[in-house]
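The values are calculated or read from the model by the stated rules, or taken from the named source; none is laboratory data. Please read all numbers here as calculations on a predicted model, not as lab measurements. Cβ coordinates were reconstructed from backbone atoms using ideal geometry, including for glycine residues, and neighbour counts include every protein chain displayed.
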C-alpha cells in the first residue's frame, strides 16, 4: 500500500459520539467498562454460528483515528462540542479485546468479542465491530452449512455481484474460512491470498459468431483443462460442440440454468457416451445449501454458489449485539449491568467461556459469569477454553490479520467443526446443537 | 481527500479478465458491444423497484485503473498473460453509459444501465456495476415501501450495525434517496451531506449509577430537545423519571422494545397525564414496512429503522443482471444477441424506454427494441423518456456524484413516486404495478 488507508472512525453511529460528548462532560467517560458482543439467539433457526470478521476488525481498528477530515466534519455538523473534538484528536484504543478466534463456532450467549477499556474508548467501537462481525458471521454460517452439504465436492464462492462491492470482498473471505475452496473475487485474492477462479460468462459465447468459435477461442487461450459454459443456447448441442472442439480431454463443463438434477444426469450421460468420461461438471444456478444437498446423488463434480452465500441464505445479518455488561462505579468498584426491560434481556458480568466435550464431541457452551475481577476459571480436561487475547493494552496481537490470519481461521474452523454432534449437521430449522449452560460464580 | 482513492479495478470477478485475455488473443476484444443491466422480475413480489447506485458507480469508475499493485497481483497469480497485462495498464473506459436516473422507478426489463464500448472496455465493469446497483437498489426499494407506509412521519435509517461496514454507508444513501430523512451513519453524512441523528443507547443508562443520573447528564449535554431512551429498566418509571428530570418541555422519548402499539399508547397516555403533551415518541424496535403500517393509528411521531432496511426487508439483493444484448460482427454490422436456453431468457437489441402516463399516472413501462443504430424513438406527450447519458465517450457527465447527485436523486424519486397508481402502494406481494410493454421496431 502506498498511501495510508482511509480512517474507519466515521463508520460509526452518531449516538456513540453524542454519548461520548455527554460522558466527557459528566465525568463518566473515564469509567472502565466491559462490553460483550454476542447473540441472544441463532438467527434463522441455525444450529450453530461461525465467528468471522475479527481479523478484519483488528485491521480497521488500526485505521480508527480522528484526523483532520473527520474532525472537520464533526465540527461543521456540530455533532460534538469543542472539548470532545480535542479528546477525539488524541483518541487511541488503549484497552483490551478478547474473544473467539475466527472460524470458531458460537451459540446463544457466547462472548464472541469482549472489549474492555474506558467508556470513551469502548463505546465508539460498537458500530464498526457489529457491522464487520454481523455480516461476516452471517455469510460464514451460511457457507459452513453449504460446505457440510457439499461434502468432499469443491465449492466456489461467486456472489460478488449480489453484495455491496466491499461486502463482496468480505464475503469471499468469510466463505473461504468456512470451507469454500475458492472465490471469483480478485480483490479477495489480493488482500488475503484466497485462490481465485473463473473462466467465461454467457457474454463470451454471445460475443462470437458461433458457440464453436467461442469454445475454440477459449480453449486456445486457456488450454484444454478449462471449463466451457454449455448452456447459452441448447445444452445438448453445447456439450456436443464442446467435445468436438476440445476433444475428450476437456477439463470441464459448466451448467448455469435448468433443472439441475435432470440436466446434470443428461450431460454426464452425453459426455460419457462421447468418451469424455473425465470431463468434470460444475453447476452454478441459484444454489443454496438445500439445492446442494439435493444434488448429492447427482453426477456433479463442483458447485459455484452466488447470491445465497453472500446474503447469508435467508439470514443476511447474524443478529449480534454489543452490550455494556460491567463497569466501574464512582468509587471504582465493578458493577455488573444489564438491560432488564421487556423482550431484550441480557446477562451482566464478566464471562469466561468453555466448550465442554465428551470424547471429542461438543456437549455444551458453558459460560461462567463473574461480577468483577475474580480469577477466571481454568479449562478442565473435558473443556476447551474459547477466548483469546486480540488486543492487550492497545497493542494488537500478531497472527490474526492478513492472509496468515485467514489461513489460520480456516484451519481452526475445519478442526472445531469436527466437534459438532451429528444433529448439528442437518439443515432444517432447530434449536442450537448444544445448550448454553450459565454458571454464576457468585 | 489527501491521497488518491484506492483502485476499484479488482472488485471484479476473475472470469471477466479471463474472457478479456482470450478476446485479446482472438481479436474479438475490439468488437463494439452493448450490455444492458436489468432485472427479469421484481424480487420479493415487489410492485416496483427504485434505482439507486449509479452515482456511486460513476465515482468508482473514476478509480477503476490497473496500477502497479493490481498488475502485480494479476501477474503473480497468472490470472492473465503478458499482452493482457500491457493492455490493462492502459485500460480506460472510452465508451458511453446511459440509463435511469437515481431515484427512478424500474420494472421487469427496464434498461436501468446500458454500457456501450468495446468488449474489452465493457465486460470488465460487470461485477462492479452489479455489486453497486444490486445492493443499493434492494435497500432503496425496501426504503421506499417503508417511506410510503410511514406517510408524513419522519423516518431515520439506523441499520449500520447490521450491514457490512461499507455497505452500511451505501445503505444510508439509498434510504435517504428513497424517502428517509436522516441516518445514524456519520460517514454517510460526511460523504454525501445526509443529515445524521442519534442521542443515546442503553449503555448510556447502564453506565450511570441510576437512570436519573443518565437522563440528567444527557439533558445537560444535549439540551431539553433531546430524546431520552426510556426502556432500559421499566418503561413506566423511565417515562416518569424522564419528565421529572427534564420537565414537560422534553423533546422526545424513544422506545426500543416491547409490543409497540400497546407500549406507544401507554407512553403517550402517561406523557399527556404528566403534562408533556408536546414530547414526541420515537419507536425503533425491529421495524419493517409492515410494522410501520401497523403503527399508523398509534400515537407515534417518528420511526427509526435498522436491520430490515439495510437488508432489503427480505430481499437483500435486487436480482439485476448485466447481459450482452448487441455486438458488432466481424464485418462491423450490429447483431442483437441473447441467451436462449432454459429459464433465463433475455431480450437482445438496443432499447429505448418510456413511462407512459395517463393524466399523470403511470400506465406502462414501454421498451422499444431496435436491432442496431436506427434513430431512437422520441418521447410523446403522454410518455416520459427514462434514459439519461451518464458517460459520453469516456467523459463522466457532471451532476450525478457527490452530495448534489444525492439531493437530485432524492428529489427525482419524490416526484416520480407520485406517478405510481394507487395499487402500487399496497405492501402485499403482487405483480408489478404497471406492465412492461415491448415494442419491436423491426
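Among A:183, A:232, which is the only one that is more than 30 Å from residue A:426 (Cβ to Cβ) and buried (at least 21 other Cβ atoms within 10 Å of the Cβ)?
A:232 is the lone residue from the list that is more than 30 Å from residue A:426 (Cβ to Cβ) and buried (at least 21 other Cβ atoms within 10 Å of the Cβ).
For the condition in contact with a strand residue (DSSP E or B) (Cβ under 7 Å, 6 or more places away or on another chain) and not assigned by TED's automatic domain parsing to the domain that holds residue A:49, what is the one hit in A:242, A:291, A:217?
Selected residue: A:242, the only one of A:242, A:291, A:217 that is in contact with a strand residue (DSSP E or B) (Cβ under 7 Å, 6 or more places away or on another chain) and not assigned by TED's automatic domain parsing to the domain that holds residue A:49.
Please determine, by comparing only the residues of region A:119-138 that are more than 7 Å from chain B (Cβ to nearest Cβ) and under 12 Å from the mean Cα position of the chain (by Cα), which one is surrounded by the most Cβ atoms within 10 Å (Cβ to Cβ).
For region A:119-138, the residue satisfying everything is A:138.
Across region B:12-31, what is the total count of residues that are surrounded by fewer than 24 Cβ atoms within 10 Å (Cβ to Cβ) and more than 12 Å from residue B:123 (Cα to Cα)?
Summing the residues that are surrounded by fewer than 24 Cβ atoms within 10 Å (Cβ to Cβ) and more than 12 Å from residue B:123 (Cα to Cα) in region B:12-31 gives 4.
Please enumerate the residues belonging to region B:1-23 that are in a helix (DSSP H, G or I), touching a residue at least 12 places away in the same chain (Cβ under 8 Å) and out of contact with any strand residue (DSSP E or B) (no Cβ under 7 Å at 6 or more places or on another chain).
Residues satisfying the conditions are B:16, B:17, B:18, B:19, B:20, B:21, B:23.
Which residues, counting only those in region A:50-62, are touching a strand residue (DSSP E or B) at 6+ places or on another chain (Cβ under 9 Å) and surrounded by fewer than 24 Cβ atoms within 10 Å (Cβ to Cβ)?
Within region A:50-62, A:58, A:59, A:61, A:62 qualify.
Considering only residues that are closer than 25 Å to residue A:157 by Cβ and part of a helix (DSSP H, G or I), look in region A:215-237 and name the one that is nearest to the other protein chains (Cβ to nearest Cβ).
Filtering region A:215-237 for residues that are closer than 25 Å to residue A:157 by Cβ and part of a helix (DSSP H, G or I), the one nearest to the other protein chains (Cβ to nearest Cβ) comes out as A:221.
Would you be able to say whether some residue in region A:294-317 is modelled with pLDDT of 95 or more, at the interface with chain B (Cβ under 9 Å from one of its Cβ atoms) and in contact with a strand residue (DSSP E or B) (Cβ under 9 Å, 6 or more places away or on another chain)?
Yes, region A:294-317 contains a residue that is modelled with pLDDT of 95 or more, at the interface with chain B (Cβ under 9 Å from one of its Cβ atoms) and in contact with a strand residue (DSSP E or B) (Cβ under 9 Å, 6 or more places away or on another chain).
Counting only residues that are in a loop (DSSP other than H, G, I, E, B) and touching a strand residue (DSSP E or B) at 6+ places or on another chain (Cβ under 8 Å), which one in region B:248-261 is nearest to the other protein chains (Cβ to nearest Cβ)?
So the residue we want is B:256.
Please indicate, with yes or no, whether at least one residue in region A:149-171 is in a loop (DSSP other than H, G, I, E, B), surrounded by fewer than 23 Cβ atoms within 10 Å (Cβ to Cβ) and within 7 Å of another protein chain (Cβ to nearest Cβ).
yes
Residue-by-condition table, conditions (1) closer than 23 Å to residue A:240 by Cβ; (2) surrounded by 15 or more Cβ atoms within 10 Å (Cβ to Cβ); (3) assigned by TED's automatic domain parsing to the domain that holds residue A:200:
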{"site": "A:264", "(1), (2), (3)": "yes, yes, yes"}
{"site": "A:269", "(1), (2), (3)": "yes, no, yes"}
{"site": "A:275", "(1), (2), (3)": "yes, no, yes"}
{"site": "A:279", "(1), (2), (3)": "yes, yes, yes"}
{"site": "A:287", "(1), (2), (3)": "no, yes, yes"}
{"site": "A:296", "(1), (2), (3)": "no, no, yes"}
{"site": "A:299", "(1), (2), (3)": "yes, yes, yes"}
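Results for (1) in contact with a strand residue (DSSP E or B) (Cβ under 7 Å, 6 or more places away or on another chain); (2) closer than 23 Å to residue A:293 by Cβ; (3) at pLDDT 95 or above, shown as yes or no for each residue.
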{"site": "A:138", "(1), (2), (3)": "no, yes, yes"}
{"site": "A:143", "(1), (2), (3)": "no, yes, yes"}
{"site": "A:149", "(1), (2), (3)": "no, yes, yes"}
{"site": "A:157", "(1), (2), (3)": "yes, yes, yes"}
{"site": "A:168", "(1), (2), (3)": "yes, no, yes"}
{"site": "A:176", "(1), (2), (3)": "yes, yes, yes"}
{"site": "A:188", "(1), (2), (3)": "no, no, yes"}
{"site": "A:191", "(1), (2), (3)": "no, no, yes"}
{"site": "A:196", "(1), (2), (3)": "yes, no, yes"}
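Could you please find all residues in region A:24-49 being out of contact with any strand residue (DSSP E or B) (no Cβ under 6 Å at 6 or more places or on another chain) and either more than 7 Å from chain B (Cβ to nearest Cβ) or in a strand (DSSP E or B) (or both)?
If the condition is that a residue be out of contact with any strand residue (DSSP E or B) (no Cβ under 6 Å at 6 or more places or on another chain) and either more than 7 Å from chain B (Cβ to nearest Cβ) or in a strand (DSSP E or B) (or both), then A:24, A:27, A:29, A:38, A:40, A:41, A:43, A:44, A:45, A:46, A:47 are the ones that fit.
Looking at region A:32-43, can you tell me whether even one residue there is over 29 Å from residue A:352 (Cβ atoms) and surrounded by fewer than 16 Cβ atoms within 10 Å (Cβ to Cβ)?
no
From the list A:95, A:99, which one is in contact with a helix residue (DSSP H, G or I) (Cβ under 6 Å, 6 or more places away or on another chain) and assigned by TED's automatic domain parsing to the domain that holds residue A:411?
Exactly one of A:95, A:99 is in contact with a helix residue (DSSP H, G or I) (Cβ under 6 Å, 6 or more places away or on another chain) and assigned by TED's automatic domain parsing to the domain that holds residue A:411, namely A:95.
Test residue A:347 against the stated conditions and say whether it is modelled with pLDDT under 90, out of contact with any strand residue (DSSP E or B) (no Cβ under 6 Å at 6 or more places or on another chain), crowded, with 18+ Cβ neighbours inside 10 Å and more than 10 Å from chain B (Cβ to nearest Cβ).
Yes.
Of B:116, B:68, which residue is more than 15 Å from the chain's Cα centre (by Cα) and over 23 Å from residue B:58 (Cβ atoms)?
B:68
With the structure loaded, tell me whether residue A:245 is under 16 Å from residue A:276 (Cα atoms), crowded, with 24+ Cβ neighbours inside 10 Å, modelled with pLDDT of 95 or more and more than 8 Å from chain B (Cβ to nearest Cβ) or whether it fails that test.
No, not satisfied.
Taking the condition of being at the interface with chain B (Cβ under 7 Å from one of its Cβ atoms), more than 27 Å from the chain's Cα centre (by Cα) and either assigned to a helix (DSSP H, G or I) or farther than 21 Å from residue B:32 by Cα (or both), how many residues in region A:185-214 meet it?
5
Return the only residue of A:189, A:198, A:193, A:252 being out of contact with any helix residue (DSSP H, G or I) (no Cβ under 9 Å at 6 or more places or on another chain) and either surrounded by 23 or more Cβ atoms within 10 Å (Cβ to Cβ) or touching a residue at least 40 places away in the same chain (Cβ under 8 Å) (or both).
A:252
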